[in-house]
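Below you'll find the structure, written out as structure tokens, and then a few comments.
The values are calculated or read from the model by the stated rules, or taken from the named source; none is laboratory data. In this text, all values refer to a predicted model and were calculated from it rather than measured experimentally. Backbone-built Cβ (ideal geometry, glycine too); neighbour counts: all protein chains shown. Surface areas here come from the heavy atoms of the whole protein model, side chains and all, with no ligands, DNA or RNA. Shrake-Rupley method; radii C 1.70, N 1.55, O 1.52, S 1.80 Å.
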Amino acid sequence: MEKQGIAKRKCSHLELSQLTESQMNFDSFSGVKLPYCALPRIKLDEIDTGTELLGKKLNQPLIIASMTGGVAEAKTINANLAKAAQKTKVALGVGSQRIAVEDEKTADSFKIVRRLAPDAVIFSNMAAVQLNYGYDVDDYRRAVDQVAADALYLHLNPLQEALQLEGNTDFSDLLPKIENLVSQIGVPVYVKEVGHGISSLVAKALENVGVAGIDVAGTGGTSWSWIEATNNDRAELAAWFKNFGYTTAESLRQIKPAIKNTALVASGGIRNPIQALKSRLLGADYYSAARPFLTPALQSYEEVVKTINLWQQGLKIAMFCINAQDWKSVGY
């Protein structure tokens with residue numbers, strides 16, 4: 001795809017991701033009950049919501065999820081998210097960097113993230129399938145270097161690619177190429193889906209080749225496959241696959257017993273800290289969300305800070321009400 005075409009598609013992604021129709025509109029955690037405690041034995045003001053990620057302290061186990069980059073509006077979004085992540089000590093993942101790897105002139109909307117968040121945990125982001133389309137380790141290392149990333153998010157998106165016109169659908173023999181990338185890239189590699197979940201079999205295979213983390217990105221949140229197909233006038237086709245795959249809760253239930261030493265990130269439809277805490281009960285080490293921070297990021301970094309702080313306050317109250325002193329003591 002030509003560079004101009006990629007940029008145009010990213011703009012459409014940003015617009016479509018704000019439509020309510022792009023959402024599954026259900027709560028995959030509705031069947032998960034937090035163990036409410038009417039007589040907690042702890043003090044609210046002593047609750048510790050913090051944790052560590054990649055050797056850095058987080059005030060809450062939040063990774064603001066990958067959105068977009070390479071277009072004018074994305075630079076504003078990334079700048080506001082980066083400044084907020086720096087101030088509130090949460091992690092941040094950038095959008096797919098393919099456009100910036102192919103055209104350095106578009107890279108500033110990504111590079112601005114590290115400039116504005118020098119101490120934050122930052123995830124670079126590239127598609128795994130590009131390993132079958134001429135990309136090598138140096139291309140992925142260039143993406144990491146653009147944002148001075150602490151780790152690389154390697155995303156899996158077979159359904160999204162299948163619903164694209166002329167999508168990259170050759171996923172054959174990717175696992176050994178991922179293993180080679182993991183061994184050479186020089187930073188931890190986290191693998192994520194883009195909205196349809198990851199099974200225990202895939203999670204075990206990824207752990208076996210050395211990935212540091214798995215982000216389930218289940219159904220229930222923004223459907224990038226729906227967005228992609230709608231962008232190409234294939235909405236009817238995409239509607240059949242809108243809930244295809246595993247919900248976030250289903251993925252977590254599958255994966256947690258199957259892996260041993262790999263970090264587990266819950267994403268896909270997490271819209272508030274109550275759902276985030278429920279994901280912890282199912283084994284998540286961290287939680288990730290994009291949509292709740294998109295509208296604030298279009299306004300100002302102060303609005304993003306306000307939203308992040310509200311999430312931390314909500315998480316703290318929820319932990320207090322289940323008698324959990326700190327994040328590690330919840331569930332697992």
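Exactly one condition in (1) over 17 Å from the mean Cα position of the chain (by Cα); (2) at pLDDT 95 or above is false for residue 213; which is it?
Among (1) over 17 Å from the mean Cα position of the chain (by Cα); (2) at pLDDT 95 or above, the lone unmet condition for residue 213 is (1).
For the stretch 266-305, how many residues are open to solvent by less than 10 Å² (accessible area, probe 1.4 Å), in contact with a Lys or Arg (Cβ under 8 Å, 6 or more places away or on another chain) and aromatic (Phe, Trp, Tyr)?
Total satisfying the criteria: 1.
Determine the pairs where a residue that is touching a residue at least 60 places away in the same chain (Cβ under 8 Å) and at positive phi, located within the stretch 34-53, has a partner that is open to solvent by 90 Å² or more (accessible area, probe 1.4 Å) and β-branched (Val, Ile, Thr) with Cβ atoms under 6 Å apart, the partner being 6 or more residues away or on another chain.
none
Being open to solvent by 10 Å² or more (accessible area, probe 1.4 Å), under 24 Å from residue 212 (Cβ atoms) and outside any loop (DSSP other than H, G, I, E, B) is the requirement here; does residue 328 meet it? Walk me through how you get there before you give the answer.
Details: open to solvent by 10 Å² or more (accessible area, probe 1.4 Å): yes; under 24 Å from residue 212 (Cβ atoms): yes; outside any loop (DSSP other than H, G, I, E, B): yes.
Yes, satisfied.
Exactly one condition in (1) crowded, with 19+ Cβ neighbours inside 10 Å; (2) in contact with a strand residue (DSSP E or B) (Cβ under 9 Å, 6 or more places away or on another chain) is not met by residue 112; state its number.
All conditions pass for residue 112, except number (2).
Condition (residue is under 20 Å from residue 200 (Cα atoms), touching a Phe, Trp or Tyr at 6+ places or on another chain (Cβ under 6 Å) and of a type in the set (A, V, I, L, M, F, W, C)) applied to the stretch 250-262: is it met by at least one residue?
Looking only at the stretch 250-262, we keep the residues that are under 20 Å from residue 200 (Cα atoms), and these are 250-262.
Add one more test, that the residue is touching a Phe, Trp or Tyr at 6+ places or on another chain (Cβ under 6 Å), and what stays is none.
Checked against the condition, which is being under 20 Å from residue 200 (Cα atoms), touching a Phe, Trp or Tyr at 6+ places or on another chain (Cβ under 6 Å) and of a type in the set (A, V, I, L, M, F, W, C), the stretch 250-262 yields no hits at all.
One residue is enough: does the stretch 198-205 have a residue meeting the conditions farther than 21 Å from residue 285 by Cβ and either open to solvent by less than 10 Å² (accessible area, probe 1.4 Å) or touching a strand residue (DSSP E or B) at 6+ places or on another chain (Cβ under 9 Å) (or both)? Give the derivation first.
First pass over the stretch 198-205, keeping only residues farther than 21 Å from residue 285 by Cβ: none.
There is no residue in the stretch 198-205 that is farther than 21 Å from residue 285 by Cβ and either open to solvent by less than 10 Å² (accessible area, probe 1.4 Å) or touching a strand residue (DSSP E or B) at 6+ places or on another chain (Cβ under 9 Å) (or both).
Which condition does residue 263 not pass, out of (1) within 22 Å of residue 285 (Cβ to Cβ); (2) open to solvent by less than 10 Å² (accessible area, probe 1.4 Å), if it passes all the others?
Answer for residue 263: the failing condition is (2).
Assess whether residue 151 counts as being in contact with a Pro (Cβ under 7 Å, 6 or more places away or on another chain) and in contact (Cβ under 8 Å) with a residue 24 or more places away in the chain.
On the way: in contact with a Pro (Cβ under 7 Å, 6 or more places away or on another chain): yes; in contact (Cβ under 8 Å) with a residue 24 or more places away in the chain: yes.
For residue 151, the condition - in contact with a Pro (Cβ under 7 Å, 6 or more places away or on another chain) and in contact (Cβ under 8 Å) with a residue 24 or more places away in the chain - is met.
Has the stretch 307-324 got any residue that is over 18 Å from residue 47 (Cα atoms) and in a helix (DSSP H, G or I)?
Taking the stretch 307-324 as the starting set, the residues that turn out to be over 18 Å from residue 47 (Cα atoms) are 307.
If we keep only those that are in a helix (DSSP H, G or I) too, we end up with 307.
Within the stretch 307-324, one or more residues are over 18 Å from residue 47 (Cα atoms) and in a helix (DSSP H, G or I).
Any idea which of 100, 72, 65, 107 is out of contact with any strand residue (DSSP E or B) (no Cβ under 9 Å at 6 or more places or on another chain), surrounded by 22 or more Cβ atoms within 10 Å (Cβ to Cβ), of a type in the set (A, V, I, L, M) and modelled with pLDDT under 95? Break it down into steps so the answer makes sense when it comes.
Values: 72 fails: surrounded by 22 or more Cβ atoms within 10 Å (Cβ to Cβ); 65 fails: out of contact with any strand residue (DSSP E or B) (no Cβ under 9 Å at 6 or more places or on another chain); 107 fails: surrounded by 22 or more Cβ atoms within 10 Å (Cβ to Cβ).
From the options 100, 72, 65, 107, the qualifying one is 100.
Scan the stretch 124-161 for residues that are among the small types (Gly, Ala, Ser), buried (at least 22 other Cβ atoms within 10 Å of the Cβ) and over 16 Å from the mean Cα position of the chain (by Cα) and jot them down.
Result: 143, single match.
How many of the residues making up the stretch 279-305 are more than 17 Å from the chain's Cα centre (by Cα) and under 14 Å from residue 220 (Cβ atoms)?
Residues flagged as more than 17 Å from the chain's Cα centre (by Cα) and under 14 Å from residue 220 (Cβ atoms) within the stretch 279-305 amount to 1.
Which of (1) closer than 17 Å to residue 93 by Cβ; (2) open to solvent by 20 Å² or more (accessible area, probe 1.4 Å) does residue 173 not meet, given it meets every other one?
(1)
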